Structure formats: structure tokens, C-alpha cells
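Student: Have a look at this one.
The values are calculated or read from the model by the stated rules, or taken from the named source; none is laboratory data. Nothing here was measured: the structure is a model prediction, and the numbers come from that model. For neighbour counting, all protein chains shown are included, and Cβ atoms are generated from backbone atoms with ideal geometry for every residue, glycine included. The area values use the complete protein model at the heavy-atom level, side chains included, leaving out ligands, DNA and RNA. Shrake-Rupley method; radii C 1.70, N 1.55, O 1.52, S 1.80 Å.
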Amino acid sequence: MAYENILVETNGKVGVVTLNRPKALNALSAGLIKDLGAALDTFEANPDIHVIVLTGSEKAFAAGADIKEMAGFSYMDAYLADFITVGWERVTSCRKPVIAAVAGFALGGGCEMAMMCDFIIAADNAKFGQPEINLGTMPGAGGTQRLTRFVGKSKAMDMCLTGRMMDAEEAHKCGLVSRVFPLDDLKDEAMKIAETIADKSLPISMMVKESVNAAYETTLTQGVKFERRLFHSTFATDDQKEGMAAFVEKRQPNFSDR
Ligand code: CAA
């Protein structure tokens with residue numbers, strides 16, 4: 001399928017989506033969100049794809065929702081269209097692991113989109129921020145909620161109220177980002193990480209993702225119980241039998257994703 005606003009490629013079991021509106025620093029227009037949703041649908045439907053990498057250019061992961069597109073919206077335009085919900089939430093409903101590989105600006109909806117992914121790796125030139133307050137608006141794609149869960153109240157308040165940017169080192173220190181690489185290495189490192197995950201059993205990766213995400217939605221007791229049930233269910237899979245047999249027989253496992 002041909003896309004106008006993204007580039008899509010498949011590398012073994014890894015699907016890569018590159019946001020591609022260079023003239024607008026990958027601002028997240030309605031067209032881009034539609035393309036992204038269609039690409040995720042295709043990767044989710046393909047049993048050979050185990051992991052998805054979402055990335056942008058060296059200058060920008062995404063500089064936010066498209067300001068030019070929304071500048072003239074009325075309240076009714078935003079409310080009736082459920083602006084920022086339709087399409088945007090597709091990333092969060094993806095059942096396969098999604099890695100955000102961020103270089104350059106990840107601002108506003110761009111930062112929020114990265115946080116919707118399962119984890120973020122960053123180039124050393126990455127800059128994260130929720131600058132919506134400078135535009136007379138506020139984060140609308142989960143920024144006040146997800147950033148607070150990632151970095152805590154004090155820093156989330158600081159970021160959302162001042163609209164300042166955070167560099168990759170600060171983002172790493174405060175837990176927004178899992179690893180930082182030199183800009184030139186980001187794509188290769190993203191692929192290496194994705195391939196490491198892609199070599200595991202797909203259903204088990206999906207269960208791990210589901211279980212970690214439950215930590216944000218439940219109490220500790222409920223979350224641990226949910227994890228325990230999923231853990232028990234892994235003993236019904238062929239891949240648990242294969243994984244443990246391979247360990248005992250001192251060989252690499254050959255998972256069948258069943
Ligand atoms: N929407 C639309 N166009 C954007 C854009 C955005 N979010 N960000 C950048 N652009 C466009 C610029 O208008 C410019 O286009 P023209 O060449 O046609 O003028 C082009 O991209 C290049 O941008 P700059 O010339 O500004 O580049 P710079 O290097 O000088 O500055 C920047 C880079 C600091 C990221 C600056 O572009 C900027 O501040 N962008 C806006 C960031 C922002 O406020 N994001 C939040 C948007 S609101 C939101 O996301 C709501 C939500 O919660 C979902």
C-alpha cells in the first residue's frame with residue numbers, strides 16, 4: 001500500500017514505520033495519523049511480524065499535532081470529531097510490542113505518541129517536551145497522564161507548565177527513555193533491540209506487554225494476580241515446552257509462536 005505521510009518497511013520479523021513529513025517536522029496531521037493506523041493494522045494482521053519500530057527523521061520524531069490544521073477548530077469541531085482520539089489511540093491498542101526510536105524533536109503530540117509506544121529509545125540529539133501551553137492549549141493525547149506516570153509529578157508539572165524541552169540525557173535519567181545512543185547509531189540499535197524481541201515467542205511477548213501495561217491500570221494486588229494467571233497460561237503453550245527443553249538440552253529454542 002502506498003502512503004503519503006509515512007514510509008513502511010519490513011525487515012525479517014520487524015515492521016518499521018518512519019514518519020515522513022519532513023517539511024512540517026513530521027507534524028501529526030490527520031492524514032499521517034490515518035496512514036499510521038493503516039500501517040499498524042497491516043503489521044498486526046501479519047503473523048510474521050513480531051515487533052514494530054516507530055521512528056522519524058534525524059531532525060524530528062514529530063513536532064506535535066499539526067498546528068496549522070487545528071488552529072481554526074471550534075470547540076464543536078474538536079468535540080464532535082473526538083479530535084486526538086480517533087486514529088491516535090490505534091498505537092495504544094496495538095497488541096504487538098512497539099518501540100519508539102526518537103531522534104530530534106518529540107514535542108506535544110510527538111512526545112505523547114512516543115509515550116504511547118511500549119518503550120522509547122533515543123538519539124543523543126533527542127528533545128522531549130509538552131509545549132502546548134505556549135500555544136494557549138494543553139496536552140491532549142495523554143501528555144499530562146503518561147508523562148506523570150513516567151517521570152513523576154514534579155517533573156511532569158515542570159514540563160507541562162513551563163513548556164520547556166528536556167534533552168536525551170535528562171529523559172534517560174528520569175526514566176522517560178530506556179536507552180540513549182549516538183544519533184548515527186540509533187536506527188541500527190533500534191533494529192538490534194527489535195530483532196532481539198522478535199526472536200522470542202510472539203504470544204509470550206504479547207502477554208509480557210499486556211502484563212506490564214496492567215501495572216498502570218490496576219492495584220498491585222490485582223496486577224500481580226493478572227500476571228500470575230498469564231504466567232500460568234504460558235504452560236499451555238508449545239513455546240514454553242520448547243523454551244525450557246532447549247535450556248535443558250543446552251541449545252537455542254526454536255519457537256513456533258503457538
Ligand atoms: N504543526 C505544524 N507545522 C509545524 C509544527 C507543528 N506542530 N512544528 C513545526 N512545523 C513546521 C513549521 O511551521 C515550519 O513550516 P514552514 O517552513 O512552512 O514555516 C517547519 O515545520 C519547520 O519548523 P521551524 O521553522 O519552526 O523549525 P525550527 O527548527 O526553527 O523549530 C521547533 C523547530 C522548535 C520544533 C518549532 O517548529 C516548534 O516549536 N514547533 C511546534 C512545537 C509544538 O508546539 N508542538 C505542540 C503542538 S500542539 C499538540 O501537539 C497538541 C497535543 O497535545 C496533541
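Student: Tally the residues that are outside any helix (DSSP H, G or I), in contact with an Asp or Glu (Cβ under 7 Å, 6 or more places away or on another chain) and near the ligand (Cβ under 6 Å from one of its atoms), restricting the search to the range 125-143.
Tutor: Qualifying residue count, the range 125-143: 2.
Student: Restricting to the range 105-117, name every residue that is outside any helix (DSSP H, G or I) and in contact with a helix residue (DSSP H, G or I) (Cβ under 6 Å, 6 or more places away or on another chain). Before you say what the answer is, go through the steps one by one.
Tutor: From the range 105-117, those outside any helix (DSSP H, G or I) are 105-108, 117; that's our starting set.
Result: A106, L107, G108.
Student: Something else about it: Being more than 16 Å from R90 (Cβ to Cβ) and among the hydrophobic types (A, V, I, L, M, F, W, C) is the filter; apply it to the range 55-70 and report the residue that is most open to solvent (accessible area, probe 1.4 Å). First the steps, then the outcome.
Tutor: From the range 55-70, those more than 16 Å from R90 (Cβ to Cβ) are 55-61, 63-64, 66-70; that's our starting set.
From what's left, among the hydrophobic types (A, V, I, L, M, F, W, C): 60-61, 63, 67, 70.
Working: A60: 0, F61: 0, A63: 33, I67: 83, M70: 49 Å².
Ranking the qualifying residues of the range 55-70, first place goes to I67.
Student: Could you identify the single residue in E89, E4, E9 that is within 13 Å of the ligand (Cβ to nearest atom), open to solvent by 50 Å² or more (accessible area, probe 1.4 Å), at negative phi and out of contact with any Lys or Arg (no Cβ under 6 Å at 6 or more places or on another chain)? First the steps, then the outcome.
Tutor: Details: E4 fails: within 13 Å of the ligand (Cβ to nearest atom); E9 fails: within 13 Å of the ligand (Cβ to nearest atom).
Step by step, each of E89, E4, E9 is checked, and only E89 is within 13 Å of the ligand (Cβ to nearest atom), open to solvent by 50 Å² or more (accessible area, probe 1.4 Å), at negative phi and out of contact with any Lys or Arg (no Cβ under 6 Å at 6 or more places or on another chain).
Student: Quick one: in the range 74-96, of everything that is among the hydrophobic types (A, V, I, L, M, F, W, C) and closer than 25 Å to L186 by Cβ, which residue is nearest to the chain's Cα centre (by Cα)?
Tutor: First, the residues of the range 74-96 that are among the hydrophobic types (A, V, I, L, M, F, W, C): 76, 78, 80-81, 83-84, 86, 88, 91, 94.
Still in the running and closer than 25 Å to L186 by Cβ: 88, 91, 94.
Numbers: W88: 11, V91: 7, C94: 9 Å.
Among those that are among the hydrophobic types (A, V, I, L, M, F, W, C) and closer than 25 Å to L186 by Cβ, it is V91.
Student: Now, a different point. Go through (1) of a type outside the set (D, E); (2) at negative phi; (3) within 16 Å of the ligand (Cβ to nearest atom) and name the single condition I84 misses.
Tutor: Result: I84 passes all but (2).
Student: Suppose we keep only residues that are acidic (D, E) and surrounded by 15 or more Cβ atoms within 10 Å (Cβ to Cβ) within the range 168-198. Which one would you say is farthest from A100 (Cα to Cα)? Give the derivation first.
Tutor: Start the filter on the range 168-198 by keeping residues that are acidic (D, E), which leaves 169-170, 184-185, 188-189, 195.
Checking the rest, the ones that are also surrounded by 15 or more Cβ atoms within 10 Å (Cβ to Cβ) come to 170, 189, 195.
On the way: E170: 17, E189: 12, E195: 14 Å.
The qualifying residue farthest from A100 (Cα to Cα) is E170.
Student: Next question. Could you check, for the range 37-54, whether at least one of its residues is in contact (Cβ under 8 Å) with a residue 12 or more places away in the chain, within 16 Å of the ligand (Cβ to nearest atom), of a type in the set (D, E, K, R) and surrounded by 15 or more Cβ atoms within 10 Å (Cβ to Cβ)?
Tutor: No, the conditions are met nowhere in the range 37-54.
Student: Considering the range 97-139 alone, what residues qualify as being open to solvent by less than 10 Å² (accessible area, probe 1.4 Å) and either over 21 Å from K187 (Cα atoms) or of a type in the set (K, R) (or both)?
Tutor: Selection gives G108, G109, G129, Q130.
Student: Then there's this: Go through (1) at pLDDT below 95; (2) outside any loop (DSSP other than H, G, I, E, B); (3) among the acidic types (D, E) for E44 and report which single condition fails.
Tutor: Going through the list (1) at pLDDT below 95; (2) outside any loop (DSSP other than H, G, I, E, B); (3) among the acidic types (D, E), E44 breaks only (1).
Student: While we're here: Taking the options A65, A71, name whichever one is more than 18 Å from the chain's Cα centre (by Cα), at pLDDT 95 or above and either within 12 Å of the ligand (Cβ to nearest atom) or not hydrophobic (A, V, I, L, M, F, W, C) (or both).
Tutor: Numbers: A65 fails: more than 18 Å from the chain's Cα centre (by Cα).
Going through A65, A71 in turn, the sole match is A71.
Student: In the range 12-36, which residue that is assigned to a strand (DSSP E or B) and either within 16 Å of the ligand (Cβ to nearest atom) or over 16 Å from the mean Cα position of the chain (by Cα) (or both) is farthest from S201 (Cα to Cα)? Spell out the reasoning first.
Tutor: Restricting attention to the range 12-36, the residues satisfying the condition of being assigned to a strand (DSSP E or B) are 14-19, 28.
Okay, now just the ones that are also either within 16 Å of the ligand (Cβ to nearest atom) or over 16 Å from the mean Cα position of the chain (by Cα) (or both), so 19, 28.
Working: L19: 28, L28: 33 Å.
Filtering the range 12-36 for residues that are assigned to a strand (DSSP E or B) and either within 16 Å of the ligand (Cβ to nearest atom) or over 16 Å from the mean Cα position of the chain (by Cα) (or both), the one farthest from S201 (Cα to Cα) comes out as L28.
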